[in-house]
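This report concerns only the one structure given below.
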Amino acid sequence: MLLAIKQADRPEFLAISFTFNPNDRTLLNAIKQIPGRFWYPEAHQWLIPNNPHIAKILLNTLFATGLFDYQSAQTKAKPGTNSNDTISTSNIISTDEIFLDDKSVLKTNPGQQEILARLDEALIARHYSKRTIEAYRHWCAIYLKTNPGTDKSLYPGKAINHFISTLATRDKVSSSTQNQALAAILFLHRQVFKNPPEEIGEVIHAKKPIRLPVVMSKIEVKTLLSQLQGSTLIAAKLMYGTGLRLNECLELRIQDIDFSRNEILIRNGKGGKDRVTMLPGTLKPLLESHIATVKKTHSQDIKEGWGNVQLPCAISKKYPNAGRLFVWQWLFPQERRWKNPVTGEEGRHHMDASVLQRAVHEAALKSGISKPVSCHTFRHSFATHLLECGYDIRTIQELLGHSDLKTTMIYTHVLNRGPSGVISPADILV
């Protein structure tokens, strides 16, 4: 596998291209962590903003996967530059092209690779989610690069405190990112090194600022949805009508839709929790038609000798033929089948998150909405509009799957709106 980073046709972007193994989504998931990235299908490339801040995030994310090494990056430099220079966030903008070869993993520090492998085992054994494992590995890899030999330190508190403080002061990360990095490093010391830090200093947990969510009005939601079509329209309506998160929506399977009870079962949601939400009546005909199309596609795949879908946990071992059953198929499958290079089998994964994110972003631009709309905005709008209609906040908490009522209470800002809201003194002047 070879990854190339070069100047895109549009100077404000860098282009990233690489070979993709469907069985290992580590590199793809790393690219998706880059802010502002989007897929450019015409050139089969990912584009990211061409600025030093994003470039630094890109390099840290790539090297944190463990697939690449700082000293193995090869650059095709412009005239007058030294092609033997180590990749840095300053020369990523000035070079014509940067190559990263995954064979360089052999050149990395064996001790650090062994520590990261132990970290993965500890996280998997405790049933941490895949996204949490990737995030923890990312921060621990950077921490180990910054503090070599930290596993032998009897008093790691100062090193941890310095690393976390640097993230806030130099890298200007958000409080949630800072807390995530701290949680990853503390897990590394407590569960892998068996060396819990006694004292970290003043920087323990950053205070998370209170941010009001972006909420669309009902007219804005209707206008935005009118700009969508096909599967992206159904998925967007489902997120707004049920309050589903992006991944919860895309990971729905056929059997999770219960038309007789007007319910949708969300399996393995955030925090590994299952919950039930309502199925909007207006979406039933649309979903029934969509499922009929999915079934037709699946039947054709079965006829051609494919149609096997990935199953959670060890279900495929217990029920070897379950992956070919229609009830286990994704509600929003990919348009094209992917091929397993090892077994040669072809199947369909669910729609990629970037497809829906891009469609919603473009629809928001076409609608002329001035707010920073994303897929998660539908969830915020769902909760806000229910509160405006007078529904009990406890009910909304259950529908959203919040463990703490304080999380749901953020939506009470809508009480200052509408006919029953607070009237400004300026509105009652004669």
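The values are calculated or read from the model by the stated rules, or taken from the named source; none is laboratory data. Quantities reported herein were computed from a predicted structural model and do not represent experimental measurements. Cβ placement follows ideal geometry from the backbone for every residue including glycine, while neighbour counts extend to all protein chains displayed. These accessible areas exclude ligands, DNA and RNA; they are computed on the full protein's heavy atoms, side chains included. Shrake-Rupley method; radii C 1.70, N 1.55, O 1.52, S 1.80 Å.
Return the residue satisfying two criteria in turn: it lies in segment 388-430 and is exposed (fewer than 11 other Cβ atoms within 10 Å of the Cβ) and of a type in the set (Asp, Glu), and of such residues it is modelled with the lowest pLDDT.
Asp427
Does His380 satisfy being over 27 Å from Ile254 (Cβ atoms), in contact (Cβ under 8 Å) with a residue 24 or more places away in the chain, open to solvent by 20 Å² or more (accessible area, probe 1.4 Å) and in contact with a Pro (Cβ under 8 Å, 6 or more places away or on another chain)?
In short, yes.
Could you check Tyr136 against (1) assigned to a loop (DSSP other than H, G, I, E, B); (2) of a type in the set (Phe, Trp, Tyr); (3) modelled with pLDDT of 90 or more and say which number it fails?
(1)
Search segment 216-260 for residues being of a type in the set (Gly, Ala, Ser) and part of a helix (DSSP H, G or I), and hand back the single one that is surrounded by the most Cβ atoms within 10 Å (Cβ to Cβ).
In this case the residue turns out to be Ala235.
Whether any residue in segment 13-21 is over 30 Å from Glu346 (Cα atoms) and at pLDDT below 80 is what I want to check.
No, segment 13-21 contains no residue that is over 30 Å from Glu346 (Cα atoms) and at pLDDT below 80.
State the number of residues belonging to segment 312-371 that are at pLDDT 85 or above, in a loop (DSSP other than H, G, I, E, B) and surrounded by 14 or more Cβ atoms within 10 Å (Cβ to Cβ).
Result for segment 312-371: 10.
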